[in-house]
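Visitor: Input: one structure, supplied below.
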Amino acid sequence: MSDREHASNDGMAVDHHFENADQQYQSAKLGMWVFLTTEILFFGGLFVAYAVYRGNHPEVFVFGHHFLDKNLGALNTVILICSSLTAAWAVRAAQLRQIGMLKLMILLTIVFAFGFMGVKAFEYNGKWKHGLLWAGQYDPHLEDHGETSHEVIGEESAEDAHIEIVTEETIVEAIEAQPAADPNRSTIEPAAEGPAGLAAPDLVAADETEVEIEPANAQTYFSIYFLMTGLHGIHVIGGIGAFAWLLLCARRGDFDGGHFTRVDMVALYWHLVDLIWIYLFLLLYLID
Amino acid sequence: MAEATSAPGGDELVDHTASNDNYLTHGKGILSWLFTLDHKRIGVMYLVAILSSFFLGGVFALVLRTELWTPGQTIMTADTYNKMFTLHGAVMIFLFIIPGIPATLGNFVLPLMLGAKDVALPRLNLASFWLWLVGATVAVASIVIGAVDTGWTFYTPYSTTTNTAVTAMTLGAFILGFSSIFTGLNFIVTIHKMRPEGMTWFRMPLFLWGIYSTAIIQVLATPVLGITLLLLVAERTLGVGIFDPALGGDPVLYQHFFWFYSHPAVYIMILPAMAIMSELISVFSGKHIFGYKFIAWSSIAIALLSFLVWGHHMFTSGQSGLMNMIFSALTFSVAIPSAVKVFNWLATMYKGSIRLAAPMLYALSFLFLFAIGGLTGLFLGSLSVDIHLHDTYFVVAHFHYVMFGGTVIAFLGGIHYWWPKMFGRMYSERWAQVSAFLIFVGFNLTFFTQFVMGSHGMPRRYYNYLERFTAYHQASTVGSFVLALGFFIMAGYLLHSLVAGEKAPANPWGGATLEWETTSPPAYYNFKNEMRAGDPYDLDALRWDPSIKGYVRKDPSSVLLSTGEES
């Protein structure tokens, strides 16, 4: 394996401080893996925030996720997995010096990435219209678009019959029936008393009855949703930039000699972006 | 690489490379510096930048101490005072002490110790310096926009509601974080991939072990600070509500996030100082380092434990009693690897022939001050005592004993040790001793009084104080000016040495690590020959040569890589 890599990296100009192309390639690769570790920790902060709030207030996440469209999320997952395939194929093409195939695969990856961002933009737009935004801008106005909030969920999920149709009235009624769950008042507990969400069986029961009542602090879900998918989206845009750069390098003939380090590094980054999305899909869209 | 000219001629080789071309003269003009990929020049630029930040932070500190000369108003209003202590903290932490040793001495010395021509990723190294400049500019610009008054920790909810320039300052710190990550990443790759022949992991100089452990923390902890500061900025600009109780968030979560980085960050500060110490103690005791493997492993142990103790900053935040106990116990466990290091250094000095040159004076100061700083850390790690001492001057004094008495003192020792290598000139030893003495006395006068004040209940960060603390505050202020005098003398003789200092030999101190095998200052490509590493602490392999006033190897070929081409 490393023999082949070494051999095919021979076309690369070795920087003055390295002994040979293989040492240079191995250094770049280790550097990239360390960088990906920092990326995981960077997202890790948001995953911890997710875990803390979901652990303390599971009802908020159960409620919020009904407003996401699983089918669009699944579509985006498929798009990104396909783009990972084309990215891996691009590395292989670079190793085998198939420049035409390399360009095609880079281009396809960019197309998939734009497709992902397009679907994401469509989803964001829907949230924007209905005021389902992060906490500071959270102002749900579902009545503007049809009788029920069901439409927010999206046409494709209409067959998700087990989800109770939520109307503004049921929400209002439910809130009145439960004065404790006043959405205008923070119900955060003093930390010393432990996680209230886990200790409150009635709230856990609420999501089993499948009657969706807007819980207190429902906006937290949307804050987390926008932070996580937003940061991920920025990484996708960065990936588009990196692949565009690779395309320029390929047109310039940089990879003609079989020097594939750059393609390999960008592809590694792209696989991580893909992997993070798979976690986001599971954690944000597929809550029950 | 080894040219046919590299006949093992020893001293001649060293003289031969001492031609006029060195890294300082290799290119001319400001652009040849700003866009250099040479680790040595990047290290020197970092040194200038970081010492400028130290000066700025130091001026803030002197202003603070002057204000505290009397209770009530002395020279400024309470609002200005709040901004001053925040700026002092933020500048010293984010601009000076975190990048400090790795970015300056690490950048300069690490590839030389490896016998390498450069770090593995020189472009990333330059990018790190540029990010530092951008981050520093943004952070310093916040002073003009509306100086931050939150304290350097930016605790929510105050930091999300104050109208001072928290966004600019935290964005600056965010960018500086990336600079730090790039430096750490580079060092990890360099140490893994570029060690010379003969340098196994356990034949690395201990300086490299310390820098490597630091790099692990930089890479694993700094991204968490990045996301935390980004969340804080998002909180202020968009209102995402993660830390805002009015929107369902939790301000204490910010403290967890912040300290998850910032506790490991204090080991980013102290580990490179310990790395320098191992070199100084061995060389100036004229003895092989004692307990090499213990010192090496204790660096790794400190790096790993550093991630498990952040909760000790939050004993009074309403954390559960169980968590407090666990964090307290883990905090005590950090004392073990720290003590392992100190005992091994003492054992290295035992029966050594100790030379009290300036670097060693700083090393001895470190042992004394770090011991006080470390032991008072145990006071603060004990739950019951911490309740009494929390947020008092005792904490301030403890922190400064570790960070100033530890890191800064070792940094100064390192600067004095490698100064001849960096600039090819010797400084005035006599003035260096005067300055080291003033710094030691001034430091203790400034901060020991703060231990006393703190244990008597003087709260930290207060503008005003009770009459009975006046004597302590005035002693502390006098001490800070003595300290400043020591630094001015140091600046004087170091700058003077650049123009009028005696020419430095390749190896003025008798160190056996590879950086002493090249000329002072080093050639552009560091070494004329390819190097092979031996035992980095085998000081007996060197002898004093009075004719060049430096040390030379008894067998110069022992560190040269012999190849077939030579014969």
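Visitor: Looking at this structure, is B:Asp386 touching a helix residue (DSSP H, G or I) at 6+ places or on another chain (Cβ under 7 Å) and among the acidic types (Asp, Glu)?
Guide: Working: touching a helix residue (DSSP H, G or I) at 6+ places or on another chain (Cβ under 7 Å): yes; among the acidic types (Asp, Glu): yes.
So B:Asp386 passes the test.
Visitor: Give the number of residues within the stretch B:122-178 that are at positive phi and among the small types (Gly, Ala, Ser). Reasoning before the result, please.
Guide: From the stretch B:122-178, those at positive phi are B:146, B:151, B:154; that's our starting set.
Adding the requirement that they be among the small types (Gly, Ala, Ser) leaves B:146, B:151.
Here the count works out to 2.
Visitor: Tell me whether the stretch B:169-179 contains one or more residues that are closer than 23 Å to A:Phe47 by Cα, small (Gly, Ala, Ser) and within 14 Å of chain A (Cβ to nearest Cβ).
Guide: yes
Visitor: Within the stretch B:203-228, can you find the residues that are more than 10 Å from chain A (Cβ to nearest Cβ) and not β-branched (Val, Ile, Thr)? Steps first, please.
Guide: First, pick out the residues of the stretch B:203-228 that are more than 10 Å from chain A (Cβ to nearest Cβ): B:203-214, B:217.
Selection gives B:Arg203, B:Met204, B:Pro205, B:Leu206, B:Phe207, B:Leu208, B:Trp209, B:Gly210, B:Tyr212, B:Ser213.
Visitor: So, one more: Pairs needed: first member in the stretch A:24-49, over 18 Å from B:Ile217 (Cβ atoms); second member anywhere, crowded, with 17+ Cβ neighbours inside 10 Å and of a type in the set (Ser, Thr, Tyr); C-beta distance under 7 Å; at least 6 residues apart or different chains.
Guide: Going by the 7 Å Cβ cut-off, the qualifying pairs are A:Tyr25/A:Thr261; A:Ala28/A:Thr261.
Visitor: Given the criterion closer than 16 Å to B:His398 by Cβ, of a type in the set (S, T, N, Q) and either in a helix (DSSP H, G or I) or free of Cβ contacts under 8 Å to residues at least 60 places away in the same chain (or both), identify the matching residue among B:Gln450, B:Gln474.
Guide: Working: B:Gln474 fails: closer than 16 Å to B:His398 by Cβ.
Checking each option against the conditions leaves just B:Gln450.
Visitor: Kindly check whether there is at least one residue in the stretch B:75-96 that is free of Cβ contacts under 8 Å to residues at least 12 places away in the same chain and not in a helix (DSSP H, G or I). Write out each step before concluding.
Guide: Narrowing the stretch B:75-96 to residues free of Cβ contacts under 8 Å to residues at least 12 places away in the same chain: B:77, B:80.
Among the residues that remain, those that are also not in a helix (DSSP H, G or I) are: B:77.
Yes, the stretch B:75-96 contains a residue that is free of Cβ contacts under 8 Å to residues at least 12 places away in the same chain and not in a helix (DSSP H, G or I).
Visitor: Which one of the conditions (1) within 14 Å of another protein chain (Cβ to nearest Cβ); (2) part of a helix (DSSP H, G or I) does B:Ser317 fail to meet, given that it meets all the rest?
Guide: B:Ser317 satisfies every listed condition except (2).
Visitor: Same structure, new question: Going residue by residue through the stretch B:194-201, is there one that turns out to be within 12 Å of chain A (Cβ to nearest Cβ), in contact (Cβ under 8 Å) with a residue 40 or more places away in the chain and not in a loop (DSSP other than H, G, I, E, B)? Even if it seems obvious, please write down each step before you answer.
Guide: The initial filter retains those residues of the stretch B:194-201 that are within 12 Å of chain A (Cβ to nearest Cβ), namely B:194-197.
From what's left, in contact (Cβ under 8 Å) with a residue 40 or more places away in the chain: B:194-197.
Pick out the ones that are also not in a loop (DSSP other than H, G, I, E, B) and you get B:197.
So far as the stretch B:194-201 goes, yes, one or more of its residues are within 12 Å of chain A (Cβ to nearest Cβ), in contact (Cβ under 8 Å) with a residue 40 or more places away in the chain and not in a loop (DSSP other than H, G, I, E, B).
Visitor: Here is a check on your reading of the model: is B:Ala265 closer than 30 Å to B:Gly318 by Cα, facing chain A (nearest Cβ under 9 Å), of a type in the set (Gly, Ala, Ser) and out of contact with any Gly (no Cβ under 9 Å at 6 or more places or on another chain)? If you could, list the steps in order and put the result at the bottom.
Guide: Details: closer than 30 Å to B:Gly318 by Cα: yes; facing chain A (nearest Cβ under 9 Å): no; of a type in the set (Gly, Ala, Ser): yes; out of contact with any Gly (no Cβ under 9 Å at 6 or more places or on another chain): yes.
Against the criterion (closer than 30 Å to B:Gly318 by Cα, facing chain A (nearest Cβ under 9 Å), of a type in the set (Gly, Ala, Ser) and out of contact with any Gly (no Cβ under 9 Å at 6 or more places or on another chain)), B:Ala265 does not qualify.
Visitor: Consider only pairs whose beta carbons are under 7 Å apart and that are at least six residues apart or on different chains; among these, list those whose first residue lies in the stretch A:222-239 and is in contact (Cβ under 8 Å) with a residue 40 or more places away in the chain and over 11 Å from A:Leu280 (Cα atoms) and whose second residue is among the small types (Gly, Ala, Ser) and not in a helix (DSSP H, G or I).
Guide: A:Ser223/B:Gly241
Visitor: Within the set of pairs 6+ apart or on separate chains, which have a first residue in the stretch B:248-259 that is within 7 Å of chain A (Cβ to nearest Cβ) and closer than 16 Å to B:Val224 by Cα, a second that is in a loop (DSSP other than H, G, I, E, B) and among the β-branched types (Val, Ile, Thr), and C-beta atoms under 8 Å apart?
Guide: B:Leu253/B:Ile242
Visitor: Kindly provide the set of residues from the stretch A:33-89 that are hydroxyl-bearing (Ser, Thr, Tyr) and away from chain B (no Cβ under 14 Å), ordered by number.
Guide: Answer for the stretch A:33-89, where residues must be hydroxyl-bearing (Ser, Thr, Tyr) and away from chain B (no Cβ under 14 Å): A:Thr77, A:Ser83, A:Ser84, A:Thr86.
Visitor: Return the total of residues in the stretch A:213-244 being within 25 Å of B:Val233 (Cα to Cα), away from chain B (no Cβ under 14 Å) and outside any helix (DSSP H, G or I).
Guide: 0
Visitor: So, one more: Among the numbered conditions (1) within 23 Å of the chain's Cα centre (by Cα); (2) surrounded by 24 or more Cβ atoms within 10 Å (Cβ to Cβ); (3) within 14 Å of another protein chain (Cβ to nearest Cβ), tell me where B:Phe307 comes up short.
Guide: Condition not satisfied by B:Phe307: (2).
Visitor: Check off (1) part of a helix (DSSP H, G or I); (2) more than 7 Å from chain A (Cβ to nearest Cβ); (3) not small (Gly, Ala, Ser) for B:Phe243 and give me the number that stays unchecked.
Guide: Result: B:Phe243 passes all but (1).
Visitor: Looking only at the stretch A:1-22, count every residue that is within 7 Å of another protein chain (Cβ to nearest Cβ) and either crowded, with 17+ Cβ neighbours inside 10 Å or modelled with pLDDT of 95 or more (or both) and tell me the total.
Guide: Filtering the stretch A:1-22 for residues within 7 Å of another protein chain (Cβ to nearest Cβ) gives A:16-17.
Still in the list and also either crowded, with 17+ Cβ neighbours inside 10 Å or modelled with pLDDT of 95 or more (or both): A:17.
Qualifying residue count, the stretch A:1-22: 1.
Visitor: B:Gly534 - would you say it is in contact (Cβ under 8 Å) with a residue 24 or more places away in the chain, out of contact with any Ser or Thr (no Cβ under 8 Å at 6 or more places or on another chain) and not charged (D, E, K, R)? Steps first, please.
Guide: Values: in contact (Cβ under 8 Å) with a residue 24 or more places away in the chain: yes; out of contact with any Ser or Thr (no Cβ under 8 Å at 6 or more places or on another chain): no; not charged (D, E, K, R): yes.
Against the criterion (in contact (Cβ under 8 Å) with a residue 24 or more places away in the chain, out of contact with any Ser or Thr (no Cβ under 8 Å at 6 or more places or on another chain) and not charged (D, E, K, R)), B:Gly534 does not qualify.
Results for (1) within 14 Å of another protein chain (Cβ to nearest Cβ); (2) over 21 Å from the mean Cα position of the chain (by Cα); (3) in contact (Cβ under 8 Å) with a residue 60 or more places away in the chain, shown as yes or no for each residue.
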residue: B:Leu121; (1), (2), (3): yes, yes, yes
residue: B:Ala127; (1), (2), (3): yes, no, no
residue: B:Val138; (1), (2), (3): no, yes, no
residue: B:Ser142; (1), (2), (3): no, yes, no
residue: B:Ile145; (1), (2), (3): no, yes, no
residue: B:Thr150; (1), (2), (3): no, yes, yes
residue: B:Thr160; (1), (2), (3): yes, yes, yes
residue: B:Thr164; (1), (2), (3): no, yes, yes
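Visitor: Now for a different question. Pick out the one residue from B:Thr183, B:Thr222, B:Thr228 that is surrounded by 24 or more Cβ atoms within 10 Å (Cβ to Cβ), closer than 30 Å to B:Ile143 by Cα, touching a residue at least 24 places away in the same chain (Cβ under 8 Å) and in contact with a Phe, Trp or Tyr (Cβ under 6 Å, 6 or more places away or on another chain).
Guide: Numbers: B:Thr183 fails: in contact with a Phe, Trp or Tyr (Cβ under 6 Å, 6 or more places away or on another chain); B:Thr222 fails: in contact with a Phe, Trp or Tyr (Cβ under 6 Å, 6 or more places away or on another chain).
Exactly one residue qualifies, and that residue is B:Thr228.
Visitor: Return the residues of the stretch B:310-334 that are touching a residue at least 24 places away in the same chain (Cβ under 8 Å) and either farther than 14 Å from B:Gln255 by Cβ or touching a Lys or Arg at 6+ places or on another chain (Cβ under 7 Å) (or both); say none if nothing qualifies.
Guide: Scanning the stretch B:310-334 gives B:Met325, B:Ser328, B:Leu330, B:Thr331, B:Phe332, B:Ser333, B:Val334.
Visitor: Yes or no: B:Met277 over 20 Å from B:Leu95 (Cα atoms), away from chain A (no Cβ under 11 Å) and in a loop (DSSP other than H, G, I, E, B)? Break it down into steps so the answer makes sense when it comes.
Guide: On the way: over 20 Å from B:Leu95 (Cα atoms): yes; away from chain A (no Cβ under 11 Å): yes; in a loop (DSSP other than H, G, I, E, B): no.
Considered against the rule, which asks whether it is over 20 Å from B:Leu95 (Cα atoms), away from chain A (no Cβ under 11 Å) and in a loop (DSSP other than H, G, I, E, B), B:Met277 comes out as no.
The values are calculated or read from the model by the stated rules, or taken from the named source; none is laboratory data. A quick note: this is a predicted structure, and the numbers were derived from the prediction, not measured. Note that we place each Cβ from the backbone using ideal geometry, even for glycine, and neighbour counts take in every protein chain shown.
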